[in-house]
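Visitor: If you scroll down you'll find the structure; I have some questions about it.
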Amino acid sequence: MPDTVALPPRSRPFDVRYMPGFTSMAWLCLIGLYAPLLIMAFFSFNESRSVTTFTDFSFRWYQIAADNAGVKDATILSLKLAALSTVFATIAATMAGLATTRTRSFKGQAFVFAVINQPLMIPEIVTAVGTLTFFGIIKQVTGIQSFGFLVLAHTVFCIPFAYMPIRARLEDMDLTFEHVAADLYASPWKAFRYVTFPMMLPGIIAGAMLAFVISLDDVIISLLVAGAGETTLPVWMIGQLRRGLTPEVNAISTVLLGVTIIFVSFFFFLTFRKRK
């Protein structure tokens, strides 16, 4: 009877979840990230003015925020700014995505990616100061004071955030459908309109939502670039914090948090569904 050869034990694939202390570190990070947000939302329903002592449950501060003329004006301006910036940034990101994924690799392609993603790599305060200086020169030369400068600054800053999901969608798309359309004598425009665009639409929507959230929540660029009378909601909240934290600011922050959660959840839903 032949001798049996003992097989070497199969090594278990590396999994970071089984590393010592991983679970404790994960819980510590989750608590550090989300506990302050939960406390903020909790005290937004406080009846009294205190943000450290809870008395009674009430929607008082939500009503006060809704009746505040400054909050209304700042909210309308923020929504207008975010909507315009999202449209322009998404269009630019879509064109950039097509230009960098539907062409052959070329010399300097890495440099192009770096230029598109520049706002992600450079600190926002540096981008804001540079933008302020650049627009300051233009305003001094032309004498033009316009809301368009703030829209342009937000658009440039939001482009890479819209570009990432759009490019990811294009790279995951099967080129067979586009080749079949070309074989059936479809013009490049018709192939894009009836084949490429519908397939990349989830990525465009995800990119637009991400850009909208980034523009809506931005503080630094808005604070430095905005002109007179162009106070966005985050900038208004910063001004109120200098006078002391109140449940009214907590209430506004909770609403913004809810809007952000909805948009980001929808973004991940679209991203997950496209990968299935």
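Every number here is computed from the coordinates shown, using simple stated rules; none is lab data. Note that the coordinates shown come from a computational prediction; the quantities given were computed from them, not determined experimentally. Note that we place each Cβ from the backbone using ideal geometry, even for glycine, and neighbour counts take in every protein chain shown.
Visitor: In whole Hz, with x marking every Gly and Pro, tabulate ³J(HN,Hα) for the range 15-32 from phi via Karplus 6.51 cos²θ - 1.76 cosθ + 1.60, θ = phi - 60°.
Guide: 9, 5, 5, 9, 6, x, x, 5, 4, 5, 5, 4, 5, 4, 5, 5, 5, x
Visitor: Treating only the Cβ atoms of Lys and Arg (+1) and Asp and Glu (-1) as charged, compute the dipole magnitude of the range 1-137 about its Cα centre; round to the nearest 20 debye.
Guide: About 540 debye.
Visitor: Continuing with this model, one more query. Please list, in order along the range 49-58, the HN-Hα scalar couplings obtained from phi with the Karplus expression 6.51 cos²θ - 1.76 cosθ + 1.60 (θ = phi - 60°), rounded to whole Hz, x for Gly and Pro.
Guide: Per residue, the Karplus-derived 3J(HN,Hα) values read 7, 5, 10, 10, 10, 8, 9, 10, 6, 7 Hz.
Visitor: Please list the three semi-axes, largest first and in whole Å, of the ellipsoid equivalent to the chain, using sqrt of 5 times the eigenvalues of its alpha carbon gyration tensor.
Guide: They are 40, 33, 19 Å, listed largest first.
Visitor: Just to be sure I understand the model, the point goes 7 Å from the Cα along the line to the Cβ. What's the resulting ASN68 to ALA186 distance in nm?
Guide: Using points 7 Å along Cα→Cβ, the separation is 5.1 nm.
Visitor: Let me ask you something else. Which Cα, out of VAL141, LEU210, PRO247, lies furthest along the positive dipole direction of the range 60-275 (beta carbon charges, K/R +1, D/E -1)?
Guide: Of VAL141, LEU210, PRO247, it is LEU210.
Visitor: Also: Among LEU150, LEU33, LEU98, determine the one that fluctuates most according to a GNM of the chain built with springs between C-alpha atoms less than 10 Å apart.
Guide: Looking only at LEU150, LEU33, LEU98, the biggest GNM fluctuation is shown by LEU33.
Visitor: So, in nm, how far is label ALA35 from label SER105 when the simple model puts each one 7 Å beyond its Cα toward the Cβ?
Guide: 4.8
Visitor: What is the extension gain from THR53 to VAL259, computed as 0.36 nm multiplied by their sequence separation minus the C-alpha to C-alpha distance, in nm to one decimal?
Guide: Net length gain for the segment: 71.5 nm.
Visitor: Could you calculate the contour length gain from PHE42 to ILE76, that is, 0.36 nm times the residue separation minus the distance between their Cα atoms, to one decimal place in nm?
Guide: Full extension of this stretch gives 9.7 nm more.
Visitor: For the chain, what is the mean residue ellipticity at 222 nm derived from helices alone (per DSSP H run of n ≥ 4: -39500 (n - 2.57); sum divided by total residues; nearest 500 deg cm²/dmol)?
Guide: -23500 deg cm²/dmol
Visitor: Using θ = phi - 60° and the Karplus form 6.51 cos²θ - 1.76 cosθ + 1.60, what ³J(HN,Hα) does each residue of the range 69-80 get, whole Hz, x for Gly and Pro?
Guide: Each residue of the range 69-80 in turn: 5, x, 5, 4, 5, 5, 5, 4, 5, 5, 5, 5 Hz.
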